[in-house]
1. I'd like to know if the stretch 254-266 contains one or more residues that are surrounded by 10 or more Cβ atoms within 10 Å (Cβ to Cβ) and part of a loop (DSSP other than H, G, I, E, B).
2. Output yes when any residue across the stretch 119-135 is surrounded by 21 or more Cβ atoms within 10 Å (Cβ to Cβ) and under 30 Å from residue 248 (Cβ atoms), and no when none is.
3. Within the set of pairs 6+ apart or on separate chains, which have a first residue in the stretch 236-261 that is within 22 Å of residue 32 (Cβ to Cβ), a second that is of a type in the set (A, V, I, L, M) and surrounded by 10 or more Cβ atoms within 10 Å (Cβ to Cβ), and C-beta atoms under 7 Å apart?
4. Condition first: exposed (fewer than 13 other Cβ atoms within 10 Å of the Cβ) and not aromatic (Phe, Trp, Tyr). Can you find one or more residues in the stretch 40-56 that meet it?
5. Of a type in the set (Lys, Arg), at negative phi and modelled with pLDDT of 95 or more: does that describe residue 95?
6. Hand me the list of strands (runs of 3 or more DSSP E) wholly inside the stretch 33-120 holding 3 or more residues that are touching a strand residue (DSSP E or B) at 6+ places or on another chain (Cβ under 7 Å) and either under 23 Å from residue 230 (Cα atoms) or in contact (Cβ under 8 Å) with a residue 40 or more places away in the chain (or both).
7. Give 90, 111, 103 a once-over and let me know the one that is at pLDDT below 95 and surrounded by 15 or more Cβ atoms within 10 Å (Cβ to Cβ).
Amino acid sequence: MTRFIHLTDLHLSHPSRNDPQMKTDTSGALTRAVAAINAMDPLPDFVVCSGDLTNQGDPESYGLLDELLAPLRVPVLLALGNHDKREAFHVTRDRTGDAPYVHETVLAGLHVITLDTLVPGRVAGAIDEGQFDWLAGALDNHAGLPKLIVLHHPPCVDPDGLPWAALDMASTDRLAGLVQGRGVIGMLSGHIHMNRVSLWHGIPLVVSIGLNSTVDLLERSDMRIVEGTGFCICTLRDSGLTVTFAPMTPEPRLLGVIDQARLRAFS
């Protein structure tokens, strides 16, 4: 069994930036999330952060990201989103240039492949030719291990939906052709600030609410942005992937407690 955490849309902004866009305490949200993860028993095997790590893509905020993630007691994997900037991110990791940030690793028997769907200057996402070539090779690695793909923009599941809310259709279609039948047990995304699970070409596509804000799903005209944060607890068993959404805010009102002994006595 492999257990891991999915965080997304951290939208960190260093206090020195005086970011006028910040409406919530994202640094506090990440601090609380790290504390909650470290308190889990047993600890998860790793944590995935699927993009929009910062709000403005500046080096100071990437430094803050590293500072707030440092207490994590498990490995953490990062992906970039449309709010991120590659050059600033690379500088904080002793890298240079603006090449897409892609990587693969094996953790707890799971082959994790991370893509970079950032398109500078755009809200929508795409995957370039070089990444598709790299992905084709990565999918051939570690034959026999289940594979997890991490990408900030989810593939487009509704061609009539808002075009900025997903990968473009060309990337979506090509990605579908590459991953089917390749042992991919799930895909993790963010970007749209809501909890959503789709069965995309037979692959669970999990989008998490993130650590900044959410949207009012009952408002069908304009986009109404409201308070709401959380993360995913993911468990891979022989039977498949289970995802549980763990809300953080608004803080839930306690209605009662059933102790563990009584829970176990239920039949």
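1. No, every residue in the stretch 254-266 fails to be surrounded by 10 or more Cβ atoms within 10 Å (Cβ to Cβ) and part of a loop (DSSP other than H, G, I, E, B).
2. So far as the stretch 119-135 goes, yes, one or more of its residues are surrounded by 21 or more Cβ atoms within 10 Å (Cβ to Cβ) and under 30 Å from residue 248 (Cβ atoms).
3. 243/197; 243/206; 244/233; 246/233; 248/29; 248/33
4. Initial filter on the stretch 40-56 (exposed (fewer than 13 other Cβ atoms within 10 Å of the Cβ)): 41-42.
Still in the running and not aromatic (Phe, Trp, Tyr): 41-42.
So far as the stretch 40-56 goes, yes, one or more of its residues are exposed (fewer than 13 other Cβ atoms within 10 Å of the Cβ) and not aromatic (Phe, Trp, Tyr).
5. Taking the combined requirement at face value, the residue does not satisfy it.
6. Values: elements: 46-50, 76-79, 103-107, 110-114.
Answer list for the stretch 33-120: 46-50, 76-79, 110-114.
7. After applying the criteria, what remains is 90.
The values are calculated or read from the model by the stated rules, or taken from the named source; none is laboratory data. Just so it is clear, the model here is predicted, and its values are computed rather than measured. Glycine also receives a Cβ, built like all others from the backbone with ideal geometry; neighbour counts cover every protein chain displayed.
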